[in-house]
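Below is one structure; the comments refer to it alone.
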2 protein chains.
Amino acid sequence: MAVSIKDVALKAGVSIASVSRVLSGKPGVGAKTAERIRQVIDELGYRPNLGARGLVKRKTGNIAVVVPRGSYILNNPFFSTILDGIAKEIDQTEFNLLMSFTSVQQQRLLETQAVDGAILFSPRNEELSMDWLKSLAIPIIVVGSYLEDSPFPCVRPDDEEGVRQSVTALFNKGHRTIGLVNGPMSSMHSVRYYKGYESTLKYLGIPFSKELVFELDEFDGGKVVEVVSEFLKGNQHMTGVVCSSDFLAMGVMKAADNANVSIPHDLSVVGADDVPISSFLTPSLSSVHVDLIGMGRKAVSILTQLLEEKELEKKEYIFPMHYVDRGTTGTPKMKR
Amino acid sequence: MAVSIKDVALKAGVSIASVSRVLSGKPGVGAKTAERIRQVIDELGYRPNLGARGLVKRKTGNIAVVVPRGSYILNNPFFSTILDGIAKEIDQTEFNLLMSFTSVQQQRLLETQAVDGAILFSPRNEELSMDWLKSLAIPIIVVGSYLEDSPFPCVRPDDEEGVRQSVTALFNKGHRTIGLVNGPMSSMHSVRYYKGYESTLKYLGIPFSKELVFELDEFDGGKVVEVVSEFLKGNQHMTGVVCSSDFLAMGVMKAADNANVSIPHDLSVVGADDVPISSFLTPSLSSVHVDLIGMGRKAVSILTQLLEEKELEKKEYIFPMHYVDRGTTGTPKMKR
DNA sequence: TTGTAGGCGTTATCAG
DNA sequence: CTGATAACGCCTACAA
């Protein structure tokens, strides 16, 4: 049986009101009484029950991080690095962090008034009903991507710029046949990557070919390597490939290895997001860097602003990307 | 203003007691009334307030996952894979998942009656006070490692067996000078790895040399590669190395690359845990596999058993490990 | 400066 | 079968 405010009041010989006052640092308690109360609190090791407090204050003190269904996500460093940022920033606040990984969980979490606000991680357009989200009537932030036609503020990388830089980097090294390995088009992230890829090619005067675009439903382990291997075999004239994530790039590297395609000798590869692990690969992965930790932090900080009823300066917080040249990119050979 | 049980009762023309009864599926409500109530609940989109319910039931419906301080952890696939299992299993229950990443967070979480039980992820001996943990008076499970002299059930890999198998695998390939790259000794995981390494060498009749053991405080990015490179240079007669995690093994691979040591030609490397990403490395990493997802699931399932006041069959749930031969291991060359 | 009492949304006990 | 009503732990007017 946990010690309650009543126990403290009793032992200190005061009313619970006074205890409550010193607890919340409110004025109206004599110095001596306050001191005594504090001492009793200490002695008894009293801790306020957050649930009860939430009930009357109508605040839970929790915020939710909602990640899309599909377990692949947890092993995706794009996610864990942003989560790292979220965790760091949340540590500066008084909030607890609730996480949900499935739609059942998120329903329970969001509909039962268990949280004051939520951070949606790279949601897919088709998975979340906008009406439902709005009906929740709590502040919501989208991070990593954004929802189409959504009223929610979002924090995301400047994808178009990222893919522009990676395609251009390959172009500048002499590549003229550049493929794209992309994620599922249900994510706006992939959509933007696709568009940016297309427009950059056009800008550079390179013909666009549907053959060179590969869309992966997700990175679900072994299967990926197989299909990407096929893709590589079917496009032997391709000398470079840009990917919409480092995770995909890793798959490409492995597939290349499988297909006896040497990187960067036969094929140059550029990832995206530059997750921490990228520089540990062999060869180390060229990528377009973005401050994922900062994105996580930003998501939390604007959510807490909203929670404090402050106005946001803008609706989209777009983080710059910049190309980082490492070991997976080189000049193209004449022929593969 | 969220709709409460009162609103439902009002609109249905019944007492809140009856509403509460249909909500919790308790008997004592006429079929017709129940039907009407259900309908109103639907119309109003009523959802019970978990906090209020928790207050009277003295259950929060939350369980905590406590991860040790230090951000490296989030990008460690050992963690994220176990977390994956935790998430999967939690989905089978009615619990919400609260996470804490720092000591401040875990204090708030655990001391404010915000959770019914907790899963401690690979805790370090010095970071958690046993007395404090006991004083919380909630069920606690340790996963990934264990706490010395702790009364808490734990779920962990059979580390001793793992290192025995990896050392033996190298031995069988002809290696006689085998190093160990280990984590910090504050983790029991490292301690067991160290012991297993030592005893296996003795069993195989290989002399133990302190020079060949390298202890890394943690995998904190670039620095690791540097120091491991030094280690490799200082031990050129070493033909194989076993690591206490795949994460460390990746660092060794990168360091080897830096030092112009070719794997597995010049040096064989064995990781541990066989995280999903391992098979995507080039060359793919030899490791000792363990069912990390299963460990996560098990942690949740025994915690919920405890929460239901059921007895546990045992105190330690040890998962078997078995060596998986992949690309980073080969026969030793005569000389490096 | 202090205490009393009402209420936050639920569940549970006890009458009717 | 149904409905008051008293908790649960806490906050906060309002009184004293």
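Data overview
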{"item": "Top-ranked residue of segment A:8-42 - restricted to ones that are within 14 Å of another protein chain (Cβ to nearest Cβ) and in contact with a helix residue (DSSP H, G or I) (Cβ under 8 Å, 6 or more places away or on another chain), ranked as farthest from DNA strand D (Cβ to nearest atom)", "result": "A:Ile41"}
{"item": "Residue within segment B:169-190 that is outside the structural domain of B:Tyr72 (by the TED database), surrounded by fewer than 18 Cβ atoms within 10 Å (Cβ to Cβ) and free of Cβ contacts under 8 Å to residues at least 40 places away in the same chain present", "result": "yes"}
{"item": "Condition broken by B:Phe78, with the remaining ones in (1) buried (at least 16 other Cβ atoms within 10 Å of the Cβ); (2) not assigned by the TED database to the domain that holds B:Ala118 satisfied", "result": "(2)"}
{"item": "Residues satisfying the stated conditions in segment A:272-283, i.e. within 13 Å of chain B (Cβ to nearest Cβ) and of a type outside the set (S, T, N, Q)", "result": "A:Asp273, A:Asp274, A:Val275, A:Pro276, A:Ile277, A:Phe280, A:Leu281, A:Pro283"}
{"item": "One residue from A:Arg69, A:Arg108, A:Arg53 being outside the structural domain of A:Val142 (by the TED database) and either away from DNA strand D (no atom under 13 Å from the Cβ) or surrounded by fewer than 20 Cβ atoms within 10 Å (Cβ to Cβ) (or both)", "result": "A:Arg53"}
{"item": "Candidates B:Asn62, B:Asn75, B:Asn49, filtered to the one that is within 12 Å of another protein chain (Cβ to nearest Cβ) and touching a Pro at 6+ places or on another chain (Cβ under 7 Å)", "result": "B:Asn75"}
{"item": "Residue check for A:Leu44: within 25 Å of B:Thr60 (Cβ to Cβ), surrounded by fewer than 18 Cβ atoms within 10 Å (Cβ to Cβ) and within 10 Å of DNA strand C (Cβ to nearest atom)", "result": "no"}
{"item": "Count - residues of segment A:93-113 that are acidic (Asp, Glu) and more than 7 Å from every other protein chain (Cβ to nearest Cβ)", "result": "1"}
{"item": "The lone exception for A:Lys310 - which of (1) surrounded by fewer than 20 Cβ atoms within 10 Å (Cβ to Cβ); (2) within 18 Å of A:Arg156 (Cβ to Cβ) it fails", "result": "(2)"}
{"item": "Residue count, segment B:78-92 (criterion: within 7 Å of chain A (Cβ to nearest Cβ) and not β-branched (Val, Ile, Thr))", "result": "6"}
{"item": "Residue list for segment A:81-98, filter: buried (at least 23 other Cβ atoms within 10 Å of the Cβ) and under 18 Å from B:Thr112 (Cβ atoms)", "result": "A:Ile90, A:Phe95, A:Asn96, A:Leu97, A:Leu98"}
{"item": "Enumeration of residues in segment B:168-190 that are in a helix (DSSP H, G or I) and within 15 Å of B:Phe214 (Cβ to Cβ)", "result": "B:Ser190"}
{"item": "Test: residue in segment A:52-68 that is within 12 Å of DNA strand C (Cβ to nearest atom) and either in contact with a Lys or Arg (Cβ under 7 Å, 6 or more places away or on another chain) or hydroxyl-bearing (Ser, Thr, Tyr) (or both)", "result": "yes"}
{"item": "Strands (runs of 3 or more DSSP E) enclosed by segment A:208-304 - at least 2 residues per element that are surrounded by fewer than 23 Cβ atoms within 10 Å (Cβ to Cβ)", "result": "A:213-215"}
{"item": "Residue satisfying condition, being away from every other protein chain (no Cβ under 14 Å), in contact (Cβ under 8 Å) with a residue 12 or more places away in the chain and of a type in the set (Asp, Glu), within set B:Asp116, B:Asp159", "result": "B:Asp159"}
{"item": "Odd one out for B:Lys134 among (1) within 14 Å of chain A (Cβ to nearest Cβ); (2) closer than 16 Å to B:Lys315 by Cβ; (3) crowded, with 22+ Cβ neighbours inside 10 Å", "result": "(3)"}
{"item": "Matching residues in segment A:20-41 - criterion: being within 8 Å of DNA strand C (Cβ to nearest atom) and of a type in the set (A, V, I, L, M, F, W, C)", "result": "A:Val29, A:Ala31, A:Ala34"}
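The values are calculated or read from the model by the stated rules, or taken from the named source; none is laboratory data. Bear in mind that the values here come from a model prediction, so they are computed numbers and not experimental data. Cβ: placed from backbone, ideal geometry, glycine included. Neighbour counts: every protein chain shown.
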